[in-house]
Structures are given as C-alpha cells and as structure tokens.
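The values are calculated or read from the model by the stated rules, or taken from the named source; none is laboratory data. Predicted model, so just to flag it, every value in this text is computed and none were measured. When we count neighbours, we look across all protein chains shown, and the Cβ atoms used for this are built from the backbone with ideal geometry, even at glycine.
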Amino acid sequence: MSRRRERGIQAVAAGVAGVAGSYAVGGFTPGFVPATIATAITRHSPDAVIRFAITVLGDLGRQLAVVAGFLLAVALFAGIAGGALAVGRRLDADPLAVPLAGGGIFAATTTLGSGAGAALAAAVAAILPLAVPPLTARVPSERVSPARRRTLGTVGSALATVWVGIESGVLSGPALPSRAVSDPAVRDRLDEAEAKSLDVSGLEPLVSTDFYRVDASIAAPQTTRAEWSLSVTGEVENELDLDFATVTEMDSEERFVTLRCVGDGLDDEKMDTALWTVVPVSEILDHAGVTDAGSHVMLRAADDYYQEFPVEVLDSAVLAYRMNGRPLPRGHGFPVRALVPGHWGEINVKWLEEIEILDREAEGYWEKRGWHGTGPVHTVAKIETTSREGATQTVAGHAYAGTRGISAVEVSTDGGETWSEATLSEPLPGDDVWRQWAFEYEPSGSHEVVARAREADGTLQPEERTEPYPSGATGWDTEEIER
Ligand SMILES: Nc1nc2c(c(=O)[nH]1)N[C@H]1C(S)=C(S)[C@@H](COP(=O)(O)O)O[C@H]1N2
Ligand SMILES: [Mo]
C-alpha cells in the first residue's frame, strides 16, 4: 500500500475515533460533536426547510440531521488529521502530525460549541490512529510486514476508541428514571385513565404510550437537579433564584395535561396526554411581585430556546417535574418544564431556567421563524383508526379543544350530508384534557367519513381546512373508506 493511501486511512480512522471520543464524555448530549453540528445546521437552515423537517419529516428530519452531523464531524476531523499528516510529511517530521492534529481538532471542536471536556476527548481519541501505527510498526514480527503492522495499529486504535466511546458514553448518560411508580396518588390517576379509555383496537389510550417530541436542538440538554435553578427576573419587585428542592417542596398536584404542537397536521401524531406532577407558577410570581409595568413574559431554557406571551397567561401555568409518576424524561425537559394548559405546545418550555417578566412584547424562537403558536389551541377531532369486523366498521380517534373542552364528536359517513354522535370517553379531571371518540356503523359501500368536534358550550369546530403553518391546522378530518 502506498504511504499516501496509508495516510488517507489514518485520517479517516482519526475522524471516526475523534467522534467516538466526544461521545465517550457524555453520550448523546449537546457536547457530542455530531449533535453540535446537527444543531448548527438546523439553526442556520432556511425557515422553509425547518418547517418541512418538522411538519413533513418529523422524527425522520431529526435523524437525517444527526446522520449529516455525524458524517460532517468525521469529515472535519479526518480533514484536520489528513492536513496534519501532510504537513508532517512535507517538513520531514512525521511525529509533528500528532500535536498538530490534536490541537486543530481541539480548536475546531471548541469553536463549534462543544465543551472543553468533549473537545479534549475528541482530540486525544483522534490522535491515536496517528500515534499508534509507528509503535506497532516497531513490534518485531517475521510474518507480518511493517506496513501491515502500521495498518493494524491504525484500524485497531480506531476500533478500540469506538468501543471505549460507546461503553463510557452509554454509562455516563443520565440514569434512567426508575420504572416503578410507588406514589398511590399517581397510581390511582393512571388507573382511572386506563379505566376510562375506550376499548378500540389500535387507538392510543388516554395517557399516551408514545409521547411525541419537538425540539429546536438535536441533543437534549443535560442538567442535574443539583445544578439546576430557576431564576425570576425583569419586571419584578424581588428577583428570585429557586433550586429544585424549593420548587418541588411547594404543594403539588397530579394533573392530566394534553399537549399539541402548532405544527401538528390532522394526519400527524403531535398531540398527546400525560399525567404530570405540577406546582403553580402564580405562587412563585406572588413571591417575586410582578410590577405594574410587567405585561409579557419570556420563558428561557437550557437549550437557548425562548418563548414569549402575555403575562396573564402565566396565571394558569404550572411547572412540571414528574411525568406519569416518574422524573421528567430528559427529552421532555428534565428536571423542570413549564405547562400552559390549552395553549400550543411551543410555550410549554422544557429545561426551563428563567422566567423573565417584560414590559413589552417580544418574539419567541418559533415566532422569529414565522409561526404564530403562542396562543390557545384550535379545536380538533382526529380520525386515527379505522377497522372492519364483518359488516361493522369502526372509526375512532381523539378530540381536543384546550380549555374550551369537548362536549361531542359528530361523525358523517356520507361525506358530510348527515351526522351522528360518536361515543366519547368519560372526561378526565380538568376540562382541558383530550377525549377519545369512537363510532360504529354498517357501511354499504365505499364512502367518506368526516369527523367534527363541538366545544363544551356547543360551538361547532370550523370546517375550513388550513395547513399547520403558520397558525395551526384547522378543519374537519376526513377519511376515504374502501368497501
Ligand atoms: N426548551 C425547549 N422547550 C420546548 C421546545 C424546545 O425545542 N426547547 N419545543 C417546544 C415545542 S414546539 C413543543 S410542541 C413542545 C413539545 O413538548 P414534548 O417534546 O415534551 O412533546 O415543547 C416545547 N418546548
Ligand atoms: Mo410545537
């Protein structure tokens, strides 16, 4: 093999090893270099691309960004290592490549925004495929040629780093919340939700088994309860800085809250419900004392996400620190998130760190990108499952109207000519939680099913269909049923 080709393999091995090294430090956290790059891609992509990724690709969009971030990180490290090897060759001082590559990778990684720990681990791991081959070449052997021994050193050191990276990255990740739910108050509520869920095959129960996620960044921030604090700043008499114990010692409540993303289309699955352990934000604000000038609020989070809305809306907001009886999962805002019942998901800020009271309006993260998603949700009745057993057709789904509540779901099996009332699941406590609906009938041929919701006061859900962007999807859901 030519020395040139050998250096190419060394450079790629250094790229892979560097990425593994940054993973070793914390697993899939914002410091992981591919995550840093993927987040940078999403933050700098045109708004239309991001919109497409969220509304059309969903989770696939995130995965594509991670894959792109991974390839770019390997390419970046390999490029630096390759450059360092070439310089060493030029100057006839091969060992010089090691410090050059290490320094270059450390500098590039910190510039991208990874912490010093992850940058150092990336740099140290990446130089192994450069430093080890000259050593393995010296191992005396009669059967294996020196070139062979160098290549074994290159590939072996890269594989060893990947192995160590995966092992320690997985281990250093946050401990998974314990599975057991011991709190009887939680158990009772979850049992109640199970008992009230309609028995329709394929229909998600009232407490979601697969809760959607929408994130502005690729890797969820990692905070410990000990490090976390919540500050209350801006237009207040007393600025506050509360730690986790102070927040969770307040009188708490087990509460069902439904979340729906403003980017959720009628056929998407970005609407879900969980039981959350919550404390009221209003009590915290009473301590802080909002000044007369305080008119709006900006919620800020550990992932540099921020959302703004009128300060009165905080009256009904809560802070959640458990989800279905377990500590908040990292992806859903560990250790503490905001919930604003009945409002679009985007202002339910995860990884909450600051409540800043403002004396004027401002734009939130998604509003800067053209969305209007800080207000109350639109009313929706989704057709989620259709199934046929013998002559009987069943259609079913969930309906949600935020704090306006659902009083009925009506179904048409003739494209909207005539309407019948569907069965609704018994309401869960709180008038702002979604309901399930189901309808059975005996169709005579192919037809169109239409579903529409009525709010608690009888108001009919508007018929006009609009796309999620920019203000949330509207309209009656329809489904063609073939005979
Ligand atoms: N800090 C932070 N909070 C956030 C987001 C985010 O990207 N960062 N996404 C928001 C959006 S757009 C929605 S729809 C909800 C989704 O909450 P979930 O991921 O727990 O389902 O979180 C909101 N809170
Ligand atoms: Mo959202």
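Could you check segment 257-270 and list, in sequence order, the residues that are touching a strand residue (DSSP E or B) at 6+ places or on another chain (Cβ under 9 Å) and surrounded by 22 or more Cβ atoms within 10 Å (Cβ to Cβ)? Passing the criteria: Val257, Thr258, Leu259, Arg260, Cys261, Asp264. Checked across segment 451-468, the condition of being surrounded by 13 or more Cβ atoms within 10 Å (Cβ to Cβ), part of a loop (DSSP other than H, G, I, E, B) and among the β-branched types (Val, Ile, Thr) holds for at least one residue. Scan segment 341-351 for residues that are more than 14 Å from ligand 2 (Cβ to nearest atom) and either under 11 Å from Thr258 (Cβ atoms) or surrounded by fewer than 23 Cβ atoms within 10 Å (Cβ to Cβ) (or both) and jot them down. The answer is Pro341, Gly342. Close contacts from segment 252-271, counting a first residue that is within 17 Å of Phe211 (Cβ to Cβ) and a second that is near ligand 2 (Cβ under 10 Å from one of its atoms) and of a type in the set (A, V, I, L, M), with Cβ to Cβ under 6 Å and a gap of 6+ residues or different chains, come to Cys261/Val214; Gly263/Ile54. Among the criteria (1) more than 13 Å from ligand 1 (Cβ to nearest atom); (2) within 15 Å of Val377 (Cα to Cα), the one Val236 does not fulfil is (2). Pairs meeting the criteria (first residue in segment 455-483 and aromatic (Phe, Trp, Tyr), second residue part of a strand (DSSP E or B), beta carbons under 6 Å, at least 6 apart or on different chains) are Trp476/Val450; Trp476/Arg452. Being under 20 Å from Ile50 (Cα atoms) and either of a type in the set (Ser, Thr, Tyr) or in contact with a Pro (Cβ under 8 Å, 6 or more places away or on another chain) (or both), is that true of even one residue in segment 314-336? Checking segment 314-336: not a single residue is under 20 Å from Ile50 (Cα atoms) and either of a type in the set (Ser, Thr, Tyr) or in contact with a Pro (Cβ under 8 Å, 6 or more places away or on another chain) (or both). Criterion applied to Ser208, Ser252 was being outside the structural domain of Val450 (by TED's automatic domain parsing), within 16 Å of ligand 2 (Cβ to nearest atom) and touching a Ser or Thr at 6+ places or on another chain (Cβ under 7 Å), and the one residue passing it is Ser208. One residue alone among Ala338, Ala381, Ala293, Ala317 is crowded, with 20+ Cβ neighbours inside 10 Å, more than 23 Å from the chain's Cα centre (by Cα) and among the small types (Gly, Ala, Ser), and that residue is Ala381.
All told, Thr109 falls short of being over 19 Å from Pro30 (Cβ atoms), touching a residue at least 12 places away in the same chain (Cβ under 8 Å) and hydroxyl-bearing (Ser, Thr, Tyr). Filtering Ala68, Ala119, Ala137 for residues that are over 26 Å from the mean Cα position of the chain (by Cα), modelled with pLDDT under 95 and not in a loop (DSSP other than H, G, I, E, B) leaves a single hit, Ala137.
Suppose the filter is within 14 Å of ligand 1 (Cβ to nearest atom) and within 23 Å of Trp276 (Cβ to Cβ); does Gly373 pass it? Spelling it out, Gly373 is indeed within 14 Å of ligand 1 (Cβ to nearest atom) and within 23 Å of Trp276 (Cβ to Cβ). Every residue in segment 205-224 that is away from ligand 1 (no atom under 14 Å from the Cβ), at pLDDT 95 or above and not hydrophobic (A, V, I, L, M, F, W, C), please. Across segment 205-224, the qualifying residue is only Pro205. The number of residues in segment 232-278 being in a helix (DSSP H, G or I) and hydroxyl-bearing (Ser, Thr, Tyr) comes to 2. Taking the criterion of being among the charged types (D, E, K, R), farther than 30 Å from Glu356 by Cβ and touching a residue at least 12 places away in the same chain (Cβ under 8 Å), would at least one residue in segment 147-162 satisfy it? Among the residues of segment 147-162, at least one is among the charged types (D, E, K, R), farther than 30 Å from Glu356 by Cβ and touching a residue at least 12 places away in the same chain (Cβ under 8 Å), which makes the answer yes.
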